[in-house]
1. In nm, give the distance between the simple-model label positions of residue A:152 and residue B:409, each being 7 Å from the Cα along the Cα-to-Cβ direction.
2. Quick check: residue separation of residue B:585 and residue B:192 times 0.36 nm, minus the Cα distance between them. What number comes out in nm?
3. Nearest 100 Å² is fine: how much accessible area is buried between B and A, summed over both sides, with a 1.4 Å probe?
4. Across the residues of B:22-29, average count of Cβ atoms on other protein chains within 10 Å?
5. Before rounding to the nearest 500, sum -39500 (n - 2.57) across all DSSP H runs of length at least 4 in chain B and divide by the residue total; then give [θ] at 222 nm in deg cm²/dmol.
6. How would you order B:385-395, B:185-195, B:41-51, B:554-564 from highest to lowest mean count of nearby Cβ atoms within 10 Å?
7. With a Förster radius of 41 Å, plug the Cβ-Cβ distance of residue A:72 and residue B:727 into 1/(1 + (r/R0)^6) and report the FRET value to the nearest 0.05.
8. If the cut-off is 16 Å between C-alpha atoms, which aspartates and glutamates fall inside it for residue B:788, apart from same-chain ones fewer than 8 positions away?
Amino acid sequence: MRDKLINLKINGKKYQITVKSNTLLLNLLRELGYTDPKYGCGIGECGACSVLLDGQLTLSCLTLAISCDNKEVITAAGLSEKDQLHPLAQSLIEHAAIQCGFCTPGMIIAGKSLLDKNPNPTEEDVRQYLRGNLCRCTGYAPIVEAVLDQARKSKS
Amino acid sequence: MATYSDCLKGEGTFMFNVVSKKTPRLDAEAKVKGLEKFASDIALPGMLYAVVLRSPYPHAEILRIDTSEAEAMGAVCLTPDDVPDVLYNERGVSIPAKTYRDRRVLPRKARHYGEAIAAVAAESEELAWKALKALKVEYKVLPPVLDPIKAIEPESAQLYERVFFGEEEIAIKNNIACEREITVGDADKAIASSDFVVEEEYELPRVYHFQLETKSAVCNPEPDGSLTIWCTTQSIHNVRILIGSIFGIPLSKVNVKKIPVGGSFGSSIQMNSIIPICAALALKAHRPVKLVSSREEDMYDHCKYPSRIRLRVGVNKDMSIQGVEAEVLVDIGAHQIQAYPLLGSMAGWLVSLYKWKNIKYRSRAIYTNKVPACAMQGYGNPQMNFAVESHVDLICEKCGFDPIEFRLKNHVGIGDEFWGQGPTVRSIIKSCGLEESLKTGSELINWKERGHPINKTGRYRRGIGLARGFHTSSAGAPGPAEVIDYSGATVKVNEDGSVDVLTAVMDLGGGTWDAIAKIVAEVLGLPLEKVSLSPVDTRTTVYDVCTHASRGVFAGGGAAYKAAQEVKRKILEVSSVFLQEHPENLELVFDPKRNDAVIRPKGVPFKSMTLGEVARNAMVTGLGSIAATVSFRQKTCPPSFVTNFVEVEVDTFTGIVKLLRAVCIADCGTPINPDGVKGQLIGSLARYGGYALCEETEYSEQGRLKCEGFITDNKIFTTEEMPFLNNIVVHFTNTYEPTGPLGAKGIGEAAGNSVASAIANAVYNAIGIRFTRLPITPEKVLEALRGKEA
Ligand code: FES
Ligand code: FES
């Protein structure tokens, strides 16, 4: 197994680290203390580990760290500033779209990715885009509502 | 979706300042930022990583485990020889005399595929996996017992010879784990002389909890000989007591931290099987150890109780029920976690639904070589509800009764006795919103327009269905019962008038902690932001049994209410010194202008002190801290009533059933967190929509899960299976529970119990086929449609 030195930016902070060829991005992030991407299945079925990799919605449990050389990762923690919540995060709070919160970091990343691509989604669009992010607590309705409401607000 | 102005009509609600108001979750910011630390997020310096060896056979004796190679790699190994020879039950809710014990930290015989039989810990996860592969196990493979009906035949293999019931060692015969019978009156005679007799058998599947966080633990042996534990649990005190008693550690030296849980739905009422494994490794290694289950391992750890329920009901022409005979068979899998109280509780759910007059209830729990079953949101109630609410529709169809009239005539309601947790936990119902629910719900869904299945044709056929249910709030009772149910809280006033609350009650995601903070704020006349829940552990809190049985708000909040009342009394006492008034002439109220709690002589608003001023004066004058700790048991177990109306669409070409519309009506007394109640109702639509339509963990003939750990092959609801936003309506009935804290009852489990029943009834209304076995998958729909045509 070959180790490789990679350059990686995580939530704005630069890292130069040696990773093994089989290290998963999810594990690397969590070892570095970015514990907001969660392990929910490890096989690409739940979306709890979602991050933005160079702006693209990515399942970090299916991504090898070695493939992220010279890339930028953004996690849910990186969306909100110290005292300023990301507007979608704010919307999720207002719509009571958080219960246990284990799906939440992945859900926010997926929601943001949708709004980046399509600032004007229909309810159908939101349902379709978020269907890979499982939530066992909320029944999804408040999450879908929060994303739609955020889209509406950023238009006005 | 219904807005709050629509659904919060309750008259009582305007009398509160904080309670029943919509407030953002206290932990919301930490959660959206991903900063909340769950068990699997805990990392300690010098920590070892543990992985578990799981049985590749459903039934096999473990003859030998050779750890030499793994140990040579530097791993710490744990085999059945390394754990205390103690048989325990992982759930500390029933009194010891009514608890079956059949489990060892690591067993000498594997009783289901995927059961933990050994474990290793090493410096890295990778090394741990390598060491695990190097373990050599010799098995004696035994024939598996997979079918609960065949399990009781004499030629079937036996899972157990002996187990403990209380302190008594008892023999297990024919894999029958336990049995319960309950008789009221003479059901056989009453049914025989009824005008109509309706009989049917129902079957409910084995489904997996699929809480998003897999079971995890971190254990740290401390220099003073104590053990600190961070783990997924619904009861930190249960983990403390069990770890202490299994490993012989004084309870003052086991410290379990209260941390958030990533969903649970009943799967962590018991101490999860990996926790003592992690503890044993940490004690052996003298190092902190972390153990995180994979999703597949988690699927092999727990599931809902699958049940077969046969009902025979006698009814007269005037719609009055004469008697019921019920036979219940539960396939509990490889261990008895709480089957005995389950059988009692299922009897309770049955008797508390309708006035049967005469009851003959017989129930059996059977051991099989499958994943051990445990409570899952409803504890036997969704199973019983599906049988009874399907059966009620069947009776109405056969006898020509109106389903709403029939329910109104026969339901158990105000003034009747309710069994909250089996025959020993009973109380009289004092609040009930069922009548209002049926009326409002039928209007909201357009019940009268639902039509009859024989008139429905074409590829897509729609149907409307209804079911009503309830669940207990806690297992409170006036006297001693089979079940332990008490809670505790400490409330203390800080020197600036802010307040800390210390409670061991867990929040499984439903918002219990917010409810507790709001109850305390309301009693003390404080704005919510002045009340904080302290980060605590088992060392700093008094006992709470568990967040289960929908008791978080009712019993946990009830204890906080008591403690706040006690603190209020003390505040008035201390204030009397400064205000020169008798405490009885003083009042503690919320002052909206100052947005603070003030103490003043009754009717003399200008002569007042804020709580902060009182606390500060008490400090300066040496009067001391104002605080109280209580341990409190509720004396009642009031049911919350929930009614579900749904509309489905059946595609008769593909067999796919879609949930189009849902009206959820809840009577939970005062909704302390209206958002939380709504969250329970809508979340339950997804979970029990899945129960009705797609979820089941099927087994291969080799005793393995057919889904092999994949969620996709054991599908749960996603965004796309839910009704659209405008088609979900939530309504709260106008009730107030006199025995609950500020009028509240528990909603957690009630929210789900009747959802699947309503869906099945709606499917019948669409295509005229009654499904008696869940889930109603497309294959089953197509098969039934073909059968109907033939
Ligand atoms: S953990 Fe990556 S998709 Fe589930
Ligand atoms: S909030 Fe618990 S899984 Fe989504």
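1. 4.6 nm
2. On the way: separation 393, 0.36 × 393 = 141.48 nm, distance 6.61 nm.
134.9 nm is the gain from fully extending residue B:585 to residue B:192.
3. 4300 Å²
4. Counting other chains' Cβ atoms within 10 Å and averaging over B:22-29 gives 4.
5. Details: 20 runs with 208 residues, N = 790.
The per-residue figure over chain B is -8000 deg cm²/dmol.
6. With the highest mean Cβ count within 10 Å placed first, the list reads B:554-564, B:385-395, B:41-51, B:185-195.
7. 0.55
8. B:651, B:779
The values are calculated or read from the model by the stated rules, or taken from the named source; none is laboratory data. As the structure is a prediction and not an experimental result, all values here were calculated from the model. Because the Cβ atoms are built from the backbone with ideal geometry, glycine has one as well, and the counts that use them run over all protein chains shown. Areas reflect the complete protein model, heavy atoms only, side chains present, ligands, DNA and RNA absent. Shrake-Rupley method; radii C 1.70, N 1.55, O 1.52, S 1.80 Å.
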